[in-house]
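Structure, as structure tokens:
The values are calculated or read from the model by the stated rules, or taken from the named source; none is laboratory data. Small disclaimer: the values here were computed from a predicted structure and weren't measured. Cβ placement follows ideal geometry from the backbone for every residue including glycine, while neighbour counts extend to all protein chains displayed. Surface areas here come from the heavy atoms of the whole protein model, side chains and all, with no ligands, DNA or RNA. Shrake-Rupley method; radii C 1.70, N 1.55, O 1.52, S 1.80 Å.
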Amino acid sequence: MIRNLLFASLFACASLPAMAQDAPAGSAPPKPDGFNAGLLGKPEILLPTEAVTGAVFLFSDKEGWTPADEATAATLQKSGAIVVGIDTPKFLAGLEADKSEDCAYVVGDIEDLSHQIQRQLGTSIYHSPVIAGIGTAGALALDLAAQTPDATIGRNVAVDPALALPLVKPLCTDAPRTEVPGGVTYGLEKGDPANPVDVIFTASAPADGKAHVAELQKQGFKLKDKTVEGDARAALLERLQHLLVPKSSDADPLADLQLIELPATSKFDTLAIVFSGDGGWRDIDKSVAEALQKEGVPTVGVDSLRYFWSQKTPDQTSADLARIIEAYTERWGVDHVVLIGYSFGADVLPAAYNRLPADTKDMVAQLSLLGLSEAVDYEISVGEFLGTSSSEGQTLPDLKQIKPALVQCVYGEEEDDSACPKVEGTGVEMIKTTGGHHFDGDYDALAAKILDGIKRRVPAGAHPQAKK
């Protein structure tokens, strides 16, 4: 529901003038006009003049937006980052003054504004926003991790975080909230934060803030902390520049794809490549991938929200898939591949597989298509989230070109638009589950079905094609 509302507001901004991502060198940055920042008020938005390397939501310390913040933002802008600069005292005052809701869901407006800006800039991939700040803003960065769903924020960076957040109005979260001198502090909900959290301490770090982080770690939360020399401003800038997306190089030819790696010691001479649904790397895709990793199947994730943020063609998708297969079979020392897609990700796989080079295609032992529909798109669109997607092709013609023995087609008994029943009786392995498009949330059972297929299709010592 939240995601649909966010994209509805993005749709309302769709008529804004488009801004070119790749402007001529030395040209003035595009003007950040017409964006709706919601609870963020009127932030300062700095847009890069060349290819975008990331998106940073930079919150000021308790003194407000200072020349030092401006300099940090300008440096990040020159490095290709979209920078949204927020004066923290004014922002917190705005939250207190807003009487429309009982609690503040700040992360929703951060994600929404990030979508708006990147859609209008025409970024080639979607850059998940980074939330960052020092002192009071460091406390805010930590506390916002308590209300962040999967596949929403790229990372939270807190430098010398204070303990107290001076905010009376509660944040929308079920995490524990404790009153402390000067404000409140939040814990984290059960389980690790949905996105990575970096905590950096300098010699100026407050003792109570350090103790709070240590307590969260003691409770089992994976917060990455580091103590550095020098001042907090330099530490913040260094970390943020490190997080900006690198260009592909000989050392990392797949850097542009922003893949998710789940390495494991392979038990089956097989790796999995998982294409997520259009909501990004969350829920089914993430859970199935993690379950396979635990069972000895090293896995690579393709976040469809990122990758298909801009228009792709079937040929381009297939070429990138071939790059992934070539790189990771060599990197992880395996001979076989299982391709897994959920929903949007399942829809693109038949065409991508059919367009692979013959020798690469020969390495694919199994295609597991979860929640396959008959229509396929190659761009995450506003209309898709609002139920008005215009499809770009059909999945069944490509699926029928694939040897049926390779394919698992998984669907929920309550799905009314699944393509799987259309291939029943053809030799495709049909897997019907309870529930609808989310299979009643039994993701471990889905992973077990996929793993069972791998064991049957990649027998010990045999090439998978020999069984077809």
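Yes or no: F57 at pLDDT below 95, under 30 Å from A97 (Cα atoms) and of a type in the set (F, W, Y)? Working first, answer last.
On the way: at pLDDT below 95: no; under 30 Å from A97 (Cα atoms): yes; of a type in the set (F, W, Y): yes.
So F57 does not fit the description; no.
Checking G122 against (1) touching a helix residue (DSSP H, G or I) at 6+ places or on another chain (Cβ under 8 Å); (2) at pLDDT below 95, which single condition isn't satisfied?
(1)
With the checklist (1) under 15 Å from S128 (Cβ atoms); (2) not in a helix (DSSP H, G or I); (3) not aromatic (F, W, Y) in hand, flag the one item K312 doesn't pass.
Failed condition: (1).
Mind checking which residues of the stretch 189-220 are modelled with pLDDT under 95 and either under 20 Å from the mean Cα position of the chain (by Cα) or among the acidic types (D, E) (or both)?
E189, G191, D192, P193, A194, N195, P196
Being of a type in the set (G, A, S) and under 17 Å from F308 (Cα atoms) is the filter here; which residues of the stretch 349-372 pass it?
Correct list: A351, A352.
In the stretch 332-384, how many are among the basic types (K, R) and either outside any helix (DSSP H, G or I) or within 23 Å of the chain's Cα centre (by Cα) (or both)?
1
I'm trying to understand the selection: among the residues of the stretch 146-168, which are outside any loop (DSSP other than H, G, I, E, B) and open to solvent by 10 Å² or more (accessible area, probe 1.4 Å)?
Within the stretch 146-168, Q147, R155 qualify.
So, in the stretch 410-456, exactly how many residues are in a helix (DSSP H, G or I), on the phi > 0 side of the Ramachandran plot and open to solvent by less than 30 Å² (accessible area, probe 1.4 Å)?
Final tally of qualifying residues: 1.
Wholly within the stretch 25-110, which strands (runs of 3 or more DSSP E) include no fewer than the required count, namely at least 3 residues that are open to solvent by less than 40 Å² (accessible area, probe 1.4 Å)? If you could, list the steps in order and put the result at the bottom.
Working: elements: 44-46, 54-59, 81-86.
Those strands (runs of 3 or more DSSP E) span 54-59, 81-86.
With the requirement that a residue be of a type outside the set (D, E, K, R), open to solvent by 10 Å² or more (accessible area, probe 1.4 Å) and touching a strand residue (DSSP E or B) at 6+ places or on another chain (Cβ under 9 Å), what does the stretch 345-355 give you? Before the answer, list the steps.
Taking the stretch 345-355 as the starting set, the residues that turn out to be of a type outside the set (D, E, K, R) are 345-346, 348-354.
Imposing the further condition that a residue be open to solvent by 10 Å² or more (accessible area, probe 1.4 Å) reduces the set to 353-354.
Within the stretch 345-355, Y353 is the sole residue that qualifies.
In the stretch 378-409, which residues are modelled with pLDDT of 80 or more, touching a Phe, Trp or Tyr at 6+ places or on another chain (Cβ under 7 Å) and open to solvent by 20 Å² or more (accessible area, probe 1.4 Å)?
E379
Do the conditions hold for I131, that is, is it β-branched (V, I, T), in a strand (DSSP E or B), over 23 Å from P193 (Cα atoms) and in contact with a strand residue (DSSP E or B) (Cβ under 8 Å, 6 or more places away or on another chain)?
no
Can you name the residue in the stretch 277-302 that is modelled with pLDDT of 95 or more and not in a helix (DSSP H, G or I) and is also most open to solvent (accessible area, probe 1.4 Å) among such residues?
So, considering only residues that are modelled with pLDDT of 95 or more and not in a helix (DSSP H, G or I), the one most open to solvent (accessible area, probe 1.4 Å) is E295.
Mind checking which strands (runs of 3 or more DSSP E) fall wholly inside the stretch 171-269 and carry at least 2 residues that are open to solvent by 30 Å² or more (accessible area, probe 1.4 Å)?
Output list reads 177-180, 224-227, 260-262.
Scan the stretch 168-195 and report the pairs whose first residue is in contact (Cβ under 8 Å) with a residue 12 or more places away in the chain and within 13 Å of D143 (Cβ to Cβ) and whose second residue is hydrophobic (A, V, I, L, M, F, W, C) and open to solvent by 30 Å² or more (accessible area, probe 1.4 Å), with Cβ atoms within less than 6 Å and a gap of 6+ or a chain change.
Matching pairs, first to second residue: P170/C103; C172/C103; V180/L163; T185/L163.
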